[in-house]
Amino acid sequence: MNPDLQIQNKKYTTKSVITDSKKFYIESYGCQMNFADSEVVASIVSKEGYNLTKNLKDADLILLNTCSIRAKAEQTVRKRLEGFNKLKRYKKNLKVGVLGCMAERLKNKFLEEEKIVDLVVGPDAYKDLPNLIKEVNVGRDAVNVILSKEETYGDISPVRLSKNGVSAFVSITRGCDNMCSFCVVPFTRGRERSRDPKSILEEIELLVNNNYKEVTLLGQNVDSYLWFGGGLKKDFKKINVLRQRTSINFSKLLKLVAETFPFLRVRFSTSNPQDMGLDVIIAMSKYKNICNHIHLPVQSGSNNILKAMNRQHTTEEYLSLIKKIKKIIPDCSISHDMITGFPNETENDHKSTLNLMKKIKYNFGYMYKYSERPGTFAAKKFEDNISELTKKNRLQEIVDLQQVHSSFRTNNFTAKIVEVLIEKESKKSSLQWSGKNQQNTVVVFDKKGFQIGDFVNVLIKNCTSATLIGEAINYSNK
Ligand code: SAM
């Protein structure tokens, strides 16, 4: 159980909640998009007169931004909601809201069947929060899970919830059109749409003015970004030629950001292999402030499984893309997402995944056991027929192999000088800073006179599979 809640259950008193203004507490689960969305929600709720609190026990409104990607993510949220429900015994006016993908997937179920929340809001309905909160405050349940063709929250200035004040997420697309057969995202986040580049640049300008040093441009599939005045990406073909010709794609957006803010580090995530063009790779090589790291999920190394997953690429196409990336940007790091135990995955399919990994030697990766999601194509068409034990064993094998490759990659940095943006104090020592190099690997080193937000050249002297350990030499030329 979360320590906050344990303390809460023992020490909760009515005395601690008497305050002048109402307070809200927000907790986020799942992907980076969810964390970015919570910052949009925080902005909307703050305008309603609620102050953000980091202390659960002070909250009048608890919001949980949820994830549906795997069954386990949903179970975690349920446990948390049950905990919040206990708090209501001590604080009668406490309201609990569930936001995001789980809200979208389960809709009224939370309110009508389970009765464990007061408020249910899907990812495209956050602007309706002021009305919904009013409903809830007069004792009515409130729900809005309508998906939108237009909503990108481009006009909302997010309230930054992440602690470091150095790096921030900036959403550039919403939804996903890929329809990977295992994935619930197109159903919970709707169809793909892109955000107005002007509002993206304005958001980044504000961050730069507030001393932020790094942004990550976010979307389920950033390389598919296409601005042509708003609306769903799938409608692009229907618009007139002039609007098509003056549209802005991802490489143009990247260049705009990199050129407008030359002292800002620029990252992006997630890339899907079929949409990553040469123009993006060339832009990365041309602008030194675009970081040399690409998160390029592949999901499997077997063409049979990729086909069943409805991935829009083969392993050969994927490898050829990586070859192009490495040719143009030799020191570019590549990370992956991998799913093990997809329906009908044979031992040979699994071996193909291990072989693909051996060819690429990824810098790092996120690896998962297949989790059947209701409503997806895979759930409808295929039996979840790989035993839990086989899934577990195969996952362990790919995790172990990744560990070997990660060590190989971090070892390659030893005796080299890397540029690090200092983000925070190291978890292990208050005498050391922690930051990341361009390739997105964590670097720790003695603080000397440097400060959070500084760009520093660090000589790498040692490493683990996930961390580089070095000595700061001087400021880099930023
Ligand atoms: N848009 C990216 C893509 O399609 O490659 C990322 C989507 S998802 C938010 C993040 C990762 O969760 C996926 O890349 C996939 O590896 C994993 N994932 C999605 N659905 C899953 C499922 N049903 N079971 C296990 N892992 C899943």
* Asked: Is it true that some residue in the range 113-125 is free of Cβ contacts under 8 Å to residues at least 24 places away in the same chain, surrounded by 15 or more Cβ atoms within 10 Å (Cβ to Cβ) and acidic (Asp, Glu)?
  -> no
* Single residue of the range 176-216 satisfying the filter (more than 10 Å from the ligand (Cβ to nearest atom) and of a type in the set (Gly, Ala, Ser)) that is surrounded by the most Cβ atoms within 10 Å (Cβ to Cβ) -> Ser194
* Asked: Where residues in the range 217-242 are loosely packed, with under 14 Cβ neighbours inside 10 Å and in contact with a helix residue (DSSP H, G or I) (Cβ under 9 Å, 6 or more places away or on another chain), which of them is nearest to Gln274 (Cα to Cα)?
  -> Lys237
* Asked: What are the residue pairs meeting all of these: first residue in the range 332-345, first residue at positive phi and without any contact (Cβ under 8 Å) to a residue 60 or more places away in the chain, second residue within 11 Å of the ligand (Cβ to nearest atom) and not aromatic (Phe, Trp, Tyr), Cβ atoms under 6 Å, and 6 or more apart or on different chains?
  -> Gly341/Lys369; Gly341/Lys391
* Asked: When you go through Lys416, Lys447, Lys424, Lys478 one by one, which is the residue that is modelled with pLDDT under 95 and among the charged types (D, E, K, R)?
  -> Lys478
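Of all residues in the range 72-92, which are small (Gly, Ala, Ser) and within 16 Å of Ala103 (Cβ to Cβ)?
Within the range 72-92, Ala73 is the sole residue that qualifies.
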* Asked: Hey, any hits in the range 143-165 for a residue that's more than 20 Å from Leu99 (Cβ to Cβ), among the β-branched types (Val, Ile, Thr), in contact with an Asp or Glu (Cβ under 7 Å, 6 or more places away or on another chain) and not in a helix (DSSP H, G or I)?
  -> no
* **Among the residues listed as Ser333, Ser320, Ser352, the single one being away from the ligand (no atom under 15 Å from the Cβ), surrounded by fewer than 15 Cβ atoms within 10 Å (Cβ to Cβ) and either over 23 Å from the mean Cα position of the chain (by Cα) or not aliphatic (A, V, I, L, M) (or both)** => Ser320
* **Residues of the range 336-349 satisfying the condition of being more than 16 Å from the ligand (Cβ to nearest atom) and not in a helix (DSSP H, G or I)** => Thr346
* Structure fact -> Reported set for the range 262-289 where residues are polar (S, T, N, Q), within 16 Å of the ligand (Cβ to nearest atom) and over 18 Å from the mean Cα position of the chain (by Cα) is Gln274
* Within the range 357-449, which strands (runs of 3 or more DSSP E) (wholly inside it) include 3 or more residues that are within 16 Å of the ligand (Cβ to nearest atom)? -> 364-369
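One line per residue, one yes/no per condition, for (1) over 15 Å from Asp331 (Cβ atoms); (2) surrounded by 15 or more Cβ atoms within 10 Å (Cβ to Cβ):
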site: Ser426; (1), (2): yes, yes
site: Leu431; (1), (2): yes, no
site: Gln439; (1), (2): no, yes
site: Phe445; (1), (2): yes, yes
site: Lys461; (1), (2): yes, no
* Asked: How many of the residues in the range 217-260 are within 21 Å of the chain's Cα centre (by Cα), among the hydroxyl-bearing types (Ser, Thr, Tyr) and in a helix (DSSP H, G or I)?
  -> 2
* To do: Please list, ordered by first then second residue, the pairs with beta carbon atoms under 8 Å, 6 or more apart or interchain, first in the range 85-105 and among the basic types (Lys, Arg), second part of a helix (DSSP H, G or I).
  => Lys86/Asn9; Lys91/Thr14; Lys91/Val17; Lys95/Ile133; Lys95/Val136; Lys95/Asn137; Arg105/Phe187; Arg105/Thr188
* Quick one: what pairs do we get from the range 34-61, first residue part of a loop (DSSP other than H, G, I, E, B), second crowded, with 20+ Cβ neighbours inside 10 Å and among the hydroxyl-bearing types (Ser, Thr, Tyr), C-beta under 7 Å, 6+ apart or different chains? -> Thr53/Tyr25; Ala59/Tyr25
* Does Lys134 satisfy being without any contact (Cβ under 8 Å) to a residue 12 or more places away in the chain, assigned to a helix (DSSP H, G or I), more than 19 Å from Pro374 (Cβ to Cβ) and charged (D, E, K, R)? -> yes
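The values are calculated or read from the model by the stated rules, or taken from the named source; none is laboratory data. No experiment lies behind these values; they were computed from the predicted model shown. FYI the Cβ positions are ideal-geometry reconstructions off the backbone, even for glycines, and counts take in every protein chain you see.
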